[in-house]
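The values are calculated or read from the model by the stated rules, or taken from the named source; none is laboratory data. Computed from a predicted structure; not experimentally measured. With ideal geometry, Cβ positions are generated from the backbone for all residues, glycine too; neighbour counts draw on all protein chains shown. Keep in mind that these areas ignore ligands, DNA and RNA; they rest on the heavy atoms of the full protein, side chains included. Shrake-Rupley method; radii C 1.70, N 1.55, O 1.52, S 1.80 Å.
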Amino acid sequence: MASDAQLVERCLRGETTAFDTLVARYRDRVFSLAFRILGEASAAEDAAQEAWLRAYTRLPMYDPAQPFSTWLLCLTARVCLNARRARQTEQHYTERAAKAQPPTPTLEERIYERERQRTLQRLLLRLPVLQRAAVLLYYYEGLSVSEVARALDVPEGTVKTWLYRARESLRQWLQEELGE
Amino acid sequence: MKSACNLLEPLLHAYTEGWLSASDRLRVEQHLRECSACRQKVADWYAVANALRELPTLPAPMPRLPAPEPEPRLVPRLALAMCPVMALLIAWHSSAWRPTLSHLSTYAPPRIITKPLHSYAHTMHRWIAEVQRRWKAF
Ligand SMILES: [Zn+2]
């Protein structure tokens with residue numbers, strides 16, 4: 001199986017099908033991240049679409065020193081943040097997002113697991129959007145603090161503070177919800 | 001112990017992420033041995049982090065990529081490619097200037113015959129247009 005770097009190289013040489021392979025490899029991850037940040041399937045679909053277009057047009061600017069997935073997911077996070085900024089009323093949007101359900105959960109997911117994940121997804125949407133993006137890139141996508149800082153264009157110290165605040169907020173909310 | 005715990009909280013967080021210096025780590029570990037409340041908090045934070053890591057990947061709907069433009073058919077492509085040859089033949093028959101065979105030998109078959117039009121540059125142009133269209137639509 002070709003590595004991401006090989007596929008990017010082939011794509012830059014004009015082999016457009018190589019890009020399709022990259023899309024197939026990462027479309028679920030791009031969509032999931034967008035959904036977790038935006039909280040709504042249709043908005044996530046638009047953002048994922050935009051992220052792929054942007055990845056394609058900016059492919060010549062991709063630096064192979066960085067993993068392709070990191071580059072792609074950072075780009076996706078930025079697209080989501082821009083999409084949110086473009087929305088007229090944040091309040092209205094957050095309300096809609098809080099009501100929205102994740103699309104088609106797989107059948108084999110256990111009920112308890114699913115409930116917990118839905119609760120977490122709902123609580124994530126209570127976080128300020130930048131904290132949410134930082135938490136998702138760091139914990140969910142496993143990026144480093146410096147990578148998250150570069151993606152969100154803030155100092156590393158800010159990312160660390162956001163992660164701390166977000167995790168503490170989630171801890172408190174989960175405790176309230178699950179009534180420990 | 002409440003205020004000591006509050007003061008220590010950011011360090012506690014950094015401890016769970018492995019960001020602390022050796023001396024700070026010792027300080028935190030010392031406190032954790034004495035304080036069950038902070039021990040509980042650390043355990044809860046680990047649980048939150050693990051729950052975030054374990055969020056499932058969701059199946060994405062098929063991306064609606066713009067459909068590729070149809071490539072020109074073979075006949076117009078060949079016709080286009082033969083233009084320079086035709087020009088030379090017309091010149092041969094009509095004008096005072098008679099090209100020789102050596103003129104033809106400098107003629108290389110155009111790349112559109114040998115290479116599909118569906119090149120990266122072409123697709124790129126299409127995608128950029130698509131992005132621009134979307135931004136205008138905003
Ligand atoms: Zn304590």
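Among the residues that make up region A:22-38, is at least one of them over 15 Å from B:MET62 (Cβ atoms), at pLDDT below 90 and of a type outside the set (A, V, I, L, M)? The answer is no; no qualifying residue exists.
Before we move on, is A:LEU152 within 20 Å of A:PHE68 (Cβ to Cβ) and within 12 Å of chain B (Cβ to nearest Cβ)? No; evaluated as a whole, the condition is false for this residue. Selection of first residues in region B:32-46 that are without any contact (Cβ under 8 Å) to a residue 24 or more places away in the chain and within 14 Å of chain A (Cβ to nearest Cβ) and of second residues that are more than 8 Å from the ligand (Cβ to nearest atom) and assigned to a helix (DSSP H, G or I), restricted to Cβ pairs under 6 Å at least 6 apart or on distinct chains, gives the following pairs, ordered by first then second residue: B:ASP44/A:ARG171.
Each residue in region A:27-47 was checked for being open to solvent by 10 Å² or more (accessible area, probe 1.4 Å), part of a helix (DSSP H, G or I) and either more than 9 Å from chain B (Cβ to nearest Cβ) or free of Cβ contacts under 8 Å to residues at least 40 places away in the same chain (or both), and 5 of them qualify. Within region B:1-60, the set of residues being assigned to a helix (DSSP H, G or I), more than 13 Å from the ligand (Cβ to nearest atom) and of a type in the set (S, T, N, Q) comprises B:THR16, B:SER23, B:ASN50.
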